[in-house]
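Presented below is the structure to which this report refers.
The values are calculated or read from the model by the stated rules, or taken from the named source; none is laboratory data. As the structure is a prediction and not an experimental result, all values here were calculated from the model. Virtual Cβ from ideal backbone geometry, glycine too; neighbours counted across all protein chains shown.
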2 protein chains.
Amino acid sequence: MSLIVQKYGGTSVGNAERIGNVADKVIAARKQGHDVVVVVSAMSGETDRLLKLARELDPRPSERELDVLLATGEQVTIALLSIALEKRGCAARSYTGAQVCIRTDSAHTKARIMDIDAERIFASLSAGRVVVVAGFQGVDEQGNITTLGRGGSDTTAVALAAALKADECQIYTDVDGVYTTDPRIEPKARRLDRITFEEMLEMASLGAKVLQIRSVEFAGKYNVPLRVLSSFEQGPGTLITSEEPNMEQALISGVTANRDEAKLTVAGVPDQPGVAHRILGPIAEANIEVDMIVQNVGEHGLTDFTFTVHRNDYDKALDIVKRAAKDMGAREVQGDNRIVKVSIVGVGMRSHAGIASQMFQTLAAEGINIRMISTSEIKISVVVDEKYLELAVRALHSAFKLEQTPGGK
Amino acid sequence: MSLIVQKYGGTSVGNAERIGNVADKVIAARKQGHDVVVVVSAMSGETDRLLKLARELDPRPSERELDVLLATGEQVTIALLSIALEKRGCAARSYTGAQVCIRTDSAHTKARIMDIDAERIFASLSAGRVVVVAGFQGVDEQGNITTLGRGGSDTTAVALAAALKADECQIYTDVDGVYTTDPRIEPKARRLDRITFEEMLEMASLGAKVLQIRSVEFAGKYNVPLRVLSSFEQGPGTLITSEEPNMEQALISGVTANRDEAKLTVAGVPDQPGVAHRILGPIAEANIEVDMIVQNVGEHGLTDFTFTVHRNDYDKALDIVKRAAKDMGAREVQGDNRIVKVSIVGVGMRSHAGIASQMFQTLAAEGINIRMISTSEIKISVVVDEKYLELAVRALHSAFKLEQTPGGK
């Protein structure tokens, strides 16, 4: 007998029929002898419907009230799922974030979970019930309703799993697991049976939008085994866990691509201390997030400084940088918003040299020019022209044999 | 400076534009120097939408979960109204029933308010805010969400007004007050400036569906001045208060008609103790509510026993009574579901004789046969054939000069 936390997203509970299917899945887990806590999101479309109502009244509505409004979405789903479970003869009880004391800070619309009172949940489980908890929401010290931001239901599920010391946290989505790359780009993409928290974090932050980054961080921190699987199909999904020493591990777990990038270069800047700050300070002040940063060693006391931002911030960033460049006496500012970032991710590269050069060689062989490079311990990212995205992904997927199960299985 | 509780129903907050209008009305009251607590219902159509979702999953859903579900309707409105108020520069804060501790019993879907913690509301008012409270909902001792039943938002408003010792509780609806009779039947019907709690109770229970009966009882019990007025038009509405000794009072305040009636007569029953119980016992066991009851003095040791039920229960009641009549050796059972109840209501009749005979005379003059009569201290009801409804109402309205303001104003 184990305790499982299951989380179902908006698409999985999008209408009465689908809610019925979720109830069937929950009951199947109960029949296997598990205690089950279910976390649900708002029905798909509901959050947007509520946001639209709010924006009709105020394009920038009060964040406290926005949280009161949006929290109703999940409250509707917990009631409906509990009704579906009870109809099927399965004792169930719904709880809002406030009712199980999902205590957060007071940062409305992006609150962080501080604490969960597991008592009420354990009491309800002991009474033989399935416990259905509203995702995405909590309550601050003063009793105000808060929300965790979009995708926050994943975080609720992981936080509950950690607080309850659950054996597994299962995230049901509309995909059947984490893939070696986007199957729409490379049809040979393969579902991973297993991936580490660190790899998943890199994959998630690079654009594989299966899980919310914060929930993966949380799961890693509290070592909650996390499983991504499909609401609509049978299958084991992908298990996300800590790295195990004797795990059969591929060098590379996946290839990701991110189109949301734009690149800015300040060329011919006098190479003095403080250059980075003088360029990036005003960018940060404008609340623009910077992703990659590269500074080339200069000749004649001049340096080239390049960084990337989200494509939506490109125009704003360009204006700011042009002003800064003028003040600094830089030669020129170049910008390009037709670039993409392609990355390979894998904990295996830690202990293997030559991964980077194999990546660069593969791209060169396809005639793809690399515009920027950035590396971390388990990731290598390159910026290339947008037109090469699919070609780069497929070439790397093939070069690192990602279509094959590691160990030749 | 006074404290006013305002309540807006579902039609008044039916869309963003109307919510904006409500915000304007609230701000107007603030500008007159009042502290304002607003109670709102779910947007019109929302409760039905949620019920439909629940019934797709279970035609008889769990009542606990139904309350969790339906409570979201009002929660949406409090957030939207607060957003509209803040957009207009008026500090506001929303509270669910749980957040202001509207403590109820645990009778899900028809809970009764036990207590309200006024502290949080006073603190928010002191901070210069409009306080927006979700109607219709509360929370029981265990922290479960409860609802008060349809129309419960009126009760929330009155209970809040009582707990806060508010100067007035204003119920905004889609009519501009309480009328001497239904204006669709008698175009000369006149809006009453003032009516007593007792009269309003009789009018409400007789079918004038302006206010929920329970909220009027509550207002009477705690002596909360209650004002019914229109969300859409300017005007003073109708004030419902305790009777004042020197109030300029008409003999009769209104004429009401109720079509939801059906009549059953058990004729020729042996006149023995226990007759009423033997007939009405099985009716009560079948959960059928009985309205009027008349037993005629019998001849030859026989009696006629007549009572009325809601028209929806007529067929069921007829079956039950036929069985009981047979057991008792009654001569026959007669039934009629084409009858209506017409009543005149007024505290003035307490101290004036002759009101009843004036009523009977008026009806006789129009050739309307009276089938049953029932009286209370401030009401006289007669049952007549359905076809006479409009004629009876207009004749009585005119006979008691209800089109004229009392005192000739």
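Considering every residue within the stretch B:127-147, establish whether at least one is surrounded by fewer than 24 Cβ atoms within 10 Å (Cβ to Cβ), farther than 23 Å from B:Val68 by Cα and aliphatic (A, V, I, L, M). Yes, the stretch B:127-147 contains at least one residue that is surrounded by fewer than 24 Cβ atoms within 10 Å (Cβ to Cβ), farther than 23 Å from B:Val68 by Cα and aliphatic (A, V, I, L, M).
Here is a yes/no grid of residues against (1) part of a strand (DSSP E or B); (2) free of Cβ contacts under 8 Å to residues at least 24 places away in the same chain; (3) farther than 25 Å from A:Asp35 by Cβ; (4) not acidic (Asp, Glu):
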residue: A:Ala54; (1), (2), (3), (4): no, yes, yes, yes
residue: A:Ile78; (1), (2), (3), (4): no, no, no, yes
residue: A:Val100; (1), (2), (3), (4): no, no, no, yes
residue: A:Ile121; (1), (2), (3), (4): no, no, no, yes
residue: A:Leu125; (1), (2), (3), (4): no, no, no, yes
residue: A:Gly128; (1), (2), (3), (4): no, no, no, yes
residue: A:Val131; (1), (2), (3), (4): yes, no, no, yes
residue: A:Thr156; (1), (2), (3), (4): no, no, no, yes
residue: A:Leu160; (1), (2), (3), (4): no, no, no, yes
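Would it be correct to say that B:Thr109 is closer than 11 Å to B:Thr147 by Cβ, more than 10 Å from every other protein chain (Cβ to nearest Cβ) and not in a loop (DSSP other than H, G, I, E, B)? When the stated conditions are applied, B:Thr109 does not pass them.
Taken as a whole, the stretch B:340-356 holds at least one residue that is surrounded by fewer than 19 Cβ atoms within 10 Å (Cβ to Cβ), over 28 Å from the mean Cα position of the chain (by Cα) and small (Gly, Ala, Ser). In the stretch A:133-153, the qualifying residues are those that are assigned to a strand (DSSP E or B) and among the small types (Gly, Ala, Ser), and the one that is nearest to B:Thr72 (Cα to Cα) is A:Ala134. Note on the stretch B:51-73: residues that are closer than 25 Å to B:Arg18 by Cα and more than 7 Å from chain A (Cβ to nearest Cβ) total 5.
Taking the stretch B:1-22 as the range and being within 14 Å of another protein chain (Cβ to nearest Cβ), assigned to a loop (DSSP other than H, G, I, E, B) and of a type outside the set (Gly, Ala, Ser) as the test, the residues that pass are B:Val13, B:Asn15.
Per-residue answers, yes or no, for (1) of a type in the set (S, T, N, Q); (2) modelled with pLDDT of 95 or more; (3) on the phi > 0 side of the Ramachandran plot:
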site	(1), (2), (3)
A:Glu74	no, yes, no
A:Leu81	no, yes, no
A:Gly89	no, yes, yes
A:Arg93	no, yes, no
A:Gly97	no, yes, no
A:Ile113	no, no, no
A:Gly135	no, yes, no
A:Asp140	no, yes, no
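For the stretch A:23-41, filtered to residues that are more than 11 Å from chain B (Cβ to nearest Cβ) and part of a helix (DSSP H, G or I), the residue that is farthest from the chain's Cα centre (by Cα) is A:Lys31.
When the stretch B:164-193 is filtered for residues that are out of contact with any Ser or Thr (no Cβ under 7 Å at 6 or more places or on another chain), more than 18 Å from B:Ser215 (Cβ to Cβ) and outside any loop (DSSP other than H, G, I, E, B), only B:Tyr179 remains. Looking at A:Asp313, is it acidic (Asp, Glu) and either more than 26 Å from A:Asp385 (Cβ to Cβ) or in contact with a Gly (Cβ under 6 Å, 6 or more places away or on another chain) (or both)? Criteria not met by A:Asp313. Screening the candidates A:Asp117, A:Asp154 for the property of being more than 9 Å from every other protein chain (Cβ to nearest Cβ), within 19 Å of A:Arg214 (Cβ to Cβ) and of a type in the set (Asp, Glu) yields one hit, A:Asp154. Of the numbered criteria (1) away from every other protein chain (no Cβ under 11 Å); (2) in contact with a helix residue (DSSP H, G or I) (Cβ under 7 Å, 6 or more places away or on another chain), the one A:Ser44 fails is (2). Can you tell me which residues in the stretch B:74-91 are over 31 Å from the mean Cα position of the chain (by Cα) and more than 7 Å from chain A (Cβ to nearest Cβ)? Result: B:Arg88, B:Gly89, B:Cys90, B:Ala91.
So that you can scan it fast, the table gives a plain yes or no per residue for (1) within 15 Å of B:Asp319 (Cβ to Cβ); (2) surrounded by fewer than 17 Cβ atoms within 10 Å (Cβ to Cβ); (3) acidic (Asp, Glu):
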{"position": "B:Ala267", "(1), (2), (3)": "no, no, no"}
{"position": "B:Pro270", "(1), (2), (3)": "no, yes, no"}
{"position": "B:Pro273", "(1), (2), (3)": "no, yes, no"}
{"position": "B:Glu285", "(1), (2), (3)": "yes, yes, yes"}
{"position": "B:Val290", "(1), (2), (3)": "no, yes, no"}
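Of the residues making up the stretch B:258-280, those that are charged (D, E, K, R) and over 29 Å from the mean Cα position of the chain (by Cα) are B:Asp271, B:Arg278. Please verify whether the stretch A:92-105 includes one or more residues that are over 16 Å from A:Val133 (Cα atoms), of a type outside the set (A, V, I, L, M) and either within 21 Å of the chain's Cα centre (by Cα) or more than 9 Å from chain B (Cβ to nearest Cβ) (or both). Scanning the stretch A:92-105, I find at least one residue that is over 16 Å from A:Val133 (Cα atoms), of a type outside the set (A, V, I, L, M) and either within 21 Å of the chain's Cα centre (by Cα) or more than 9 Å from chain B (Cβ to nearest Cβ) (or both), so the answer is yes. Of everything in the stretch B:10-26, what is closer than 16 Å to B:Glu233 by Cα and in contact with a Leu (Cβ under 8 Å, 6 or more places away or on another chain)? Give them in sequence order. B:Val13, B:Ile19, B:Gly20, B:Val22, B:Ala23, B:Val26 - these are the residues of the stretch B:10-26 that are closer than 16 Å to B:Glu233 by Cα and in contact with a Leu (Cβ under 8 Å, 6 or more places away or on another chain).
For the stretch A:80-98, the set of residues classified as charged (D, E, K, R) and either buried (at least 24 other Cβ atoms within 10 Å of the Cβ) or assigned to a loop (DSSP other than H, G, I, E, B) (or both) consists of A:Arg88, A:Arg93, listed by residue number.
Of the residues making up the stretch A:327-336, none is closer than 30 Å to A:Ile195 by Cα and of a type in the set (S, T, N, Q). Could you identify the single residue in B:Lys401, B:Lys316 that is in a loop (DSSP other than H, G, I, E, B) and more than 23 Å from the chain's Cα centre (by Cα)? Step by step, each of B:Lys401, B:Lys316 is checked, and only B:Lys401 is in a loop (DSSP other than H, G, I, E, B) and more than 23 Å from the chain's Cα centre (by Cα).
On the basis of being crowded, with 20+ Cβ neighbours inside 10 Å and at positive phi, does B:Gly177 make the cut? Answer is yes for this residue.
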